[in-house]
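Here is the structure we will look at.
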Amino acid sequence: MSANDNKRIAVFLSLVFILSGILLVACSKADAEDRNREVIREVLELEFSGPNVELMDLLWNPQYTTVVNNKEENKELEKYIEKVYGPYFTSFYLHTFINTSGLTYQTMANWAGYKLNLKDVTIEQSDKASNRYTFTATVGYQKNGEEEKTANVSGLVLFSTKEEGKIGKFHYRDDDLLREMRE
């Protein structure tokens, strides 16, 4: 083999390694994006399926509530929230989500006698911020054996830049479902 052949082989192998590295990085990014979409879908499934009988019992049954230092505590509900919702949210944002909107749909469906069923989800990733997603969920809702109707709920999800695959903000925006269940 000549020196020129050795150079060509070295250049060829270098190009193969570089292209392999680029392909590996691109696939890793695509996997992270797909996982983020999966996380959003799983959270929406929790939100729009039910009402969840176990969650409602933990939330409303006084046997789970105790008063400590003049403050109500529900350790069983806290364990449930950590177990079910914890894998999807940053530890910083989990309780904010639960306290602001995380139990709204389950609670409203329970009070108003509706059954919820997630039908479809459209998820879009922002072109400007790779950790920002918007979604539109189509939710079936049915009361006492009546014909099932559907409504859309849309929102915004920001994934943490520090905790990979964890939601740092989850905000509902346009919401036909709560409006319909209140009527």
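The values are calculated or read from the model by the stated rules, or taken from the named source; none is laboratory data. Predicted model, so just to flag it, every value in this text is computed and none were measured. Cβ: placed from backbone, ideal geometry, glycine included. Neighbour counts: every protein chain shown. Ligands, DNA and RNA are stripped out before the accessible areas are found, and what is left, the full protein with its side chains, is counted by its heavy atoms. Shrake-Rupley method; radii C 1.70, N 1.55, O 1.52, S 1.80 Å.
Using a Förster distance of 25 Å, how high is the FRET efficiency between residue 143 and residue 174, based on the Cβ-Cβ distance and rounded to 0.05?
E(calc), rounded to 0.05, equals 0.70.
What number comes out for the charge environment of residue 139, summing +1 per Lys or Arg and -1 per Asp or Glu over other residues with Cβ under 11 Å away?
So the environment of residue 139 carries a net charge of -4.
From the residues 153, 104, 142, which one has its Cα farthest along the dipole of region 86-183 in the positive direction, the dipole being from +1 and -1 charges on Cβ of Lys/Arg and Asp/Glu about the Cα centre?
Value computed over the given set: 104.
Check the straight Cα-Cα distances from residue 71 and name the lysines below 24 Å, setting aside those fewer than 8 residues away within the same chain.
The reachable lysines, counting only those whose Cα sits under 24 Å from residue 71, are 79, 83.
How much of the accessible area of region 52-92, in percent, comes from carbon and sulfur atoms when a 1.4 Å probe is used?
52 percent
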